[in-house]
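Trainee: Structure in structure tokens, see below.
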Amino acid sequence: MTPYARRGVHGQTVEVLARRILGGEIPEGATLDLVALQSELDVSLTALRESLKVLAAKGMVDARQKRGTFVRTRAEWNLLDVDVLRWQFEGGRTSEADEALLRNLAEVRAIIEPAAVRLAAGRRTDADLAALDGALDAMGEGGGDAAHAVEADLAFHRALLAATHNELLERMEMVIESGLAHRDRIVHSSPHSEDPVPAHRAVLDAVRDRDPRAAETAMRALLDQAGRDLDRLGGADGTADDAGDAGDGHVPDVSDETEGSRSQ
């Protein structure tokens, strides 16, 4: 899932069209007026068609004889594509689809990260610990800079997935980072969020000690804190009240629904 290169007129055209579709300005099922778009965006018809090919590859648009180019239904979009996720969260939109996607990503994190950190505790190397230490140090040195805090948090979770030494789990960083970055931008821009360092340090200490159970427990506590922070601010952009789970900041333990499916 290599991110789309945002360069030149072609890249800008892709971004504009994608955000209009994701924001509902161009609704599902709508047929695109290519001539009007060409004039409005001041691009060549060739550049416009090439941009639409990018969106077609991501399942967002299609073309049919006699119908032309049209927006496909949301169920057909590749929502796990890193660009689609990024476009969904950029621009400060507050649609119901955005809120639902943020909740869905929180649930995905609750499923993936506690299990991943158990693997990391058993497989981490000295290099992995150095990467985690570096990210945690950066997290504590931000001095209130929201952008710095976001990047440090992303680096920490990226290093945790890398410490699993499972190449499929490592690829999940592309999915997790989009939702995490969006949540972080909201939370770290507020002076009322909890200090993230202690919760992350607890995870790192358990990984360092090669204690899978403690690592999972610490990760669930960290995710609970993430939910509380977002809930305290009223959710995504003041609307997504239950980005953690049902608005109480609790991250569901899927093992509750499949009791006995794995050792505690």
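The values are calculated or read from the model by the stated rules, or taken from the named source; none is laboratory data. Please read all numbers here as calculations on a predicted model, not as lab measurements. Ideal geometry is used to build each Cβ from the backbone, glycine not excepted, and the neighbour counts take in all protein chains shown. All accessible areas refer to the heavy atoms of the entire protein, side chains included, with ligands and DNA or RNA removed. Shrake-Rupley method; radii C 1.70, N 1.55, O 1.52, S 1.80 Å.
Trainee: Sorted by accessible area with a 1.4 angstrom probe, largest first, how do W77, W87 fall? Don't jump to the answer; show the numbers that get you there.
Mentor: Details: W77 20, W87 0 Å².
Largest accessible area first, the list is W77, W87.
Trainee: Work out, step by step, the length gained on full extension between E141 and A221: first 0.36 nm times the residue separation, then minus their alpha carbon distance; give nm to one decimal. Write out the running numbers ahead of the final one.
Mentor: Values: separation 80, 0.36 × 80 = 28.80 nm, distance 2.24 nm.
Extending this stretch completely gives an extra 26.6 nm.
Trainee: In whole angstrom, and with the biggest value first, how far do the Cα coordinates of the stretch 3-142 range along each principal axis?
Mentor: Per principal axis, max minus min of the Cα coordinates gives 59, 30, 26 Å.
Trainee: Compute the FRET efficiency between R208 and A30 as 1/(1 + (r/R0)^6), taking r as their Cβ-Cβ distance and R0 = 51 Å, and round to the nearest 0.05.
Mentor: Numbers: r = 53 Å, r/R0 = 1.04.
Efficiency for this residue pair is about 0.45.
Trainee: Taking only protein heavy atoms into account and a 1.4 Å probe, give the accessible area per residue of the stretch 1-74 in Å².
Mentor: Values: 4300 Å² over 74 residues.
Per-residue accessible area for the stretch 1-74 comes out at 58 Å².
Trainee: Loop-only trypsin sites (Lys or Arg not before Pro) in the stretch 36-91, please: DSSP not H, G, I, E or B, and at most 14 other Cβ atoms within 10 Å. Provide the component values of the computation, followed by the final result.
Mentor: Values: sites: R49, K53, K58, R64, K66, R67, R72, R74, R86; in loops: K58, K66, R67, R72.
Passing both the DSSP loop test and the Cβ count: K66, R67.
Trainee: Now, a different point. Taking all protein chains as present, what is the carbon and sulfur share of the accessible area of the stretch 4-93, in % to the nearest whole number, probe 1.4 Å? The partial results should precede the final answer.
Mentor: Values: 2390 of 4760 Å².
C and S atoms contribute 50 percent here.
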